[in-house]
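Working notes, beginning with the structure itself.
We did not get these values from a lab; they are worked out from the coordinates using the rules stated. Owing to the predicted nature of the structure, the values given are computational and were not obtained by experimental measurement. When we count neighbours, we look across all protein chains shown, and the Cβ atoms used for this are built from the backbone with ideal geometry, even at glycine.
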Amino acid sequence: MEKQTSYFAHETAVIDEGCNIGAGTKIWHFSHIMPDSVLGEGCNIGQNVVISPGVILGKNVKVQNNVSIYTGVTCEDDVFLGPSMVFTNVINPRSAINRRGQFLKTNVGQGASIGANATIVCGNDIGEYAFVGAGAVITKDVLPFALVVGNPAKQIGWMSHHGHRLDFGTDGKATCPESGNEYLLENNQVIPL
């Protein structure tokens, strides 16, 4: 008798035993979900994605095509990972030297977006609702709500929950043009009002 699942996996996807996949998650063509990984409810795993052992994805995480998420990475709820973006997990890899015990952890905070072809050097966390521009190379932690671009990435602004650039006035306040939500910039921190 065939085991019933609460998620969808394309027939070409490889789902190893020992992973935990939430209800409503969709796993598309040629993707590989490895043992001891956890995928929350309602995730969308694009084509040709690899999720390594021990990776944790929260609810509603969107992983676009050609992304490898390596051991040591955690993505909180509502994270967006753009096409072909890259995580690393060893700071100084060498083919002839096994450094499996030296994986550095990376946490991607709730609601953060990472653009296409960006690279996240391991051991650097991405704050909640941060926005990493396409092609950026992250070599240090990214603050919550920060907008970062370039190689190495530099902060050039702040973003709203809805992914719009915030324009703070002299009073330290900004309004998201889509939601109308207000934010305060104080001591280099964005505070939703």
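Summary of computed values
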{"item": "The chain - Rg and Dmax from Cα coordinates, angstrom", "result": "17.7, 66"}
{"item": "Gain on full stretching of the segment that runs from Arg165 to Val38 - 0.36 nm per residue minus C-alpha separation", "result": "42.5 nm"}
{"item": "Size of charge dipole - the chain - debye, nearest 20, with Cβ of Lys, Arg +1 and Asp, Glu -1, no other charges", "result": "660"}
{"item": "The stretch 100-164 and the stretch 37-53: distance between their alpha carbon centers, rounded to Å", "result": "19"}
{"item": "Whole-Hz ³J(HN,Hα) from phi, Karplus 6.51 cos²θ - 1.76 cosθ + 1.60, for the stretch 52-67, glycine and proline x", "result": "7, x, x, 5, 10, 10, x, 6, 6, 7, 10, 10, 7, 4, 6, 10"}
{"item": "Length-normalised contact order of the chain in % [C-alpha pairs under 8 Å, at least 6 apart]", "result": "10"}
{"item": "Separation of the Ile156 and Ile191 label points, Cα + 7 Å toward Cβ, nm", "result": "2.9"}
{"item": "Spatially near lysine pairs across the stretch 1-159, Cα under 21 Å, sequence gap of 8 or more or different chains", "result": "7"}
{"item": "Residue among Gly133, Pro177, Asn92 farthest towards the positive dipole end of the chain, charges placed on Cβ", "result": "Asn92"}
{"item": "Sequence-distant residues sharing a close amide H with Val55 (under 5 Å, placed H)", "result": "Val38, Gly72"}
{"item": "Net lengthening on full extension, Asp141/Ala96 (0.36 nm per residue, minus Cα-Cα)", "result": "13.3 nm"}
{"item": "Full-extension gain in nm, Lys173 to Phe30, via 0.36 nm per residue minus C-alpha separation", "result": "46.9 nm"}
